[in-house]
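Working notes, structure below.
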Amino acid sequence: MTDDITSPARPAPPVGGFQEIDGRRVFTHRSGSGGPAVVFLSGAGAVGLDYFGVQQGVSQFTTVVVYDRGGTGYSDPLPLPRTATAVATELRGLLRAQDIDGPYVLAPHSLGGLYAHRFAQLYPQDVAGLVWLDALHRDWDDFMPPEAGLAVTERTAPGPEQLKRRRPALRAMRDELLAHYPESVRKPLIDAHESDAWIHFGIAERGMLAALAAELRDGPDLPDVPVVALTVLGTDSAQQARTPERTLREMRDGRRRMDAAVAGSVSYGEQRVLTDTLHHRLCFDRPDAVVRAVRDVVDRAARPRIS
């Protein structure tokens with residue numbers, strides 16, 4: 001792992017460090033011990049340390065890794081968006097360079113679901129289990145109403161000026177969500193989220209959702225490994241204000257059916273529905289549910305298979 005080299009325009013990570021992959025620095029933070037190791041894959045606009053709280057919980061019983069994809073967070077810049085293949089290949093290279101033995105339990109949130117699925121397609125022998133944290137699925141458009149499809153989501157996502165105007169509200173939200181984080185992690189992480197560079201990568205990663213889903217549809221289904229899918233059905237007031245109630249009902253029903261299909265595609269799969277949190281708040285409001293799901297998959301994955 002390399003030492004940190006930053007400039008005033010590039011904030012230093014408060015914990016963790018860098019691993020060089022193909023001549024680039026990829027940020028990673030590892031804690032805990034034992035196996036199978038758990039890897040959190042963040043959503044669009046999020047970074048590895050946003051999952052610091054659940055990482056601390058999981059580290060009590062196994063090795064756990066959070067990291068920033070190339071071009072995002074504390075990692076070195078790259079043109080975005082990237083293909084799912086590029087992201088999956090990078091992650092495998094990172095884990096090998098860090099001498100973290102597989103197979104791994106992947107815990108993707110939101111957009112991370114597409115990257116985790118591609119990792120599983122390319123390296124099925126390296127996947128011990130999956131914890132689906134309200135994650136995006138390649139068949140999203142098959143379950144959602146047309147007005148909530150991936151191409152529509154790309155077109156209607158907020159742009160840089162809109163996000164900059166929302167900076168005070170977003171900072172207040174992060175102040176609240178990260179209130180229990182150590183101050184040494186919380187403040188620099190919140191400050192970095194307000195930088196133009198971090199706002200940009202969050203927008204850029206949402207720019208190829210339909211193409212990513214198409215890339216995955218050319219590959220196989222998920223491997224037959226233990227899966228727990230956490231399905232979040234809460235709706236925030238802003239979404240309620242801009243979305244017709246009929247569409248919201250169809251989206252909730254679609255997500256429930258989509259995650260049920262994910263859990264039903266393997267020999268040991270379970271869906272757990274949460275109605276007391278929101279998509280972006282899952283790991284903050286319900287760290288207990290996240291850590292319990294991870295532990296259940298880790299325990300199941302560690303059992304010898306009966307042939």
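Taking the options LEU78, LEU91, LEU111, name whichever one is of a type in the set (A, V, I, L, M, F, W, C) and in contact with a Phe, Trp or Tyr (Cβ under 8 Å, 6 or more places away or on another chain). Within the list LEU78, LEU91, LEU111, the selection yields LEU91. Taking first residues from segment 55-71 that are over 15 Å from GLY112 (Cα atoms) and partners that are hydroxyl-bearing (Ser, Thr, Tyr) and surrounded by fewer than 18 Cβ atoms within 10 Å (Cβ to Cβ), the Cβ contacts under 6 Å between residues at least 6 apart in sequence or on separate chains come to SER59/SER31; THR63/SER33; VAL64/SER31.
Of all the numbered requirements in (1) buried (at least 17 other Cβ atoms within 10 Å of the Cβ); (2) of a type in the set (Gly, Ala, Ser); (3) outside any helix (DSSP H, G or I), GLY254 misses one, and that requirement is (3).
Selection of first residues in segment 245-273 that are over 17 Å from ALA135 (Cα atoms) and of a type outside the set (D, E, K, R) and of second residues that are surrounded by fewer than 16 Cβ atoms within 10 Å (Cβ to Cβ) and modelled with pLDDT of 95 or more, restricted to Cβ pairs under 7 Å at least 6 apart or on distinct chains, gives the following pairs, ordered by first then second residue: SER267/ASP224.
In segment 78-133, the residue that is farthest from the chain's Cα centre (by Cα) out of those that are acidic (Asp, Glu) and part of a helix (DSSP H, G or I) is ASP126. When PRO223, PRO158 are checked against the criterion of being modelled with pLDDT under 95, surrounded by 14 or more Cβ atoms within 10 Å (Cβ to Cβ), outside any helix (DSSP H, G or I) and not hydrophobic (A, V, I, L, M, F, W, C), PRO158 stands alone in meeting it. Among the residues of segment 35-51, those identified as in a loop (DSSP other than H, G, I, E, B), modelled with pLDDT of 95 or more and of a type outside the set (A, V, I, L, M, F, W, C) are PRO36, SER42, GLY43.
For segment 167-213, filtering for residues that are in contact with a Pro (Cβ under 9 Å, 6 or more places away or on another chain) and either crowded, with 16+ Cβ neighbours inside 10 Å or within 19 Å of THR156 (Cβ to Cβ) (or both) leaves 18. Taking each residue of segment 1-28 that is within 18 Å of ARG92 (Cα to Cα) and of a type in the set (Lys, Arg) and looking for partners that are at pLDDT below 95 and part of a strand (DSSP E or B) with beta-carbon atoms closer than 7 Å, six or more apart or interchain, yields ARG25/THR2. Consider segment 194-249 and keep the residues that are of a type in the set (Lys, Arg) and within 27 Å of ALA293 (Cβ to Cβ). The one that is farthest from the chain's Cα centre (by Cα) is ARG249.
The values are calculated or read from the model by the stated rules, or taken from the named source; none is laboratory data. For clarity, every value in this text was computed on a predicted model and none was experimentally measured. Quick reminder, even Gly has a Cβ in these numbers, built from the backbone with ideal geometry, and neighbours come from all protein chains shown.
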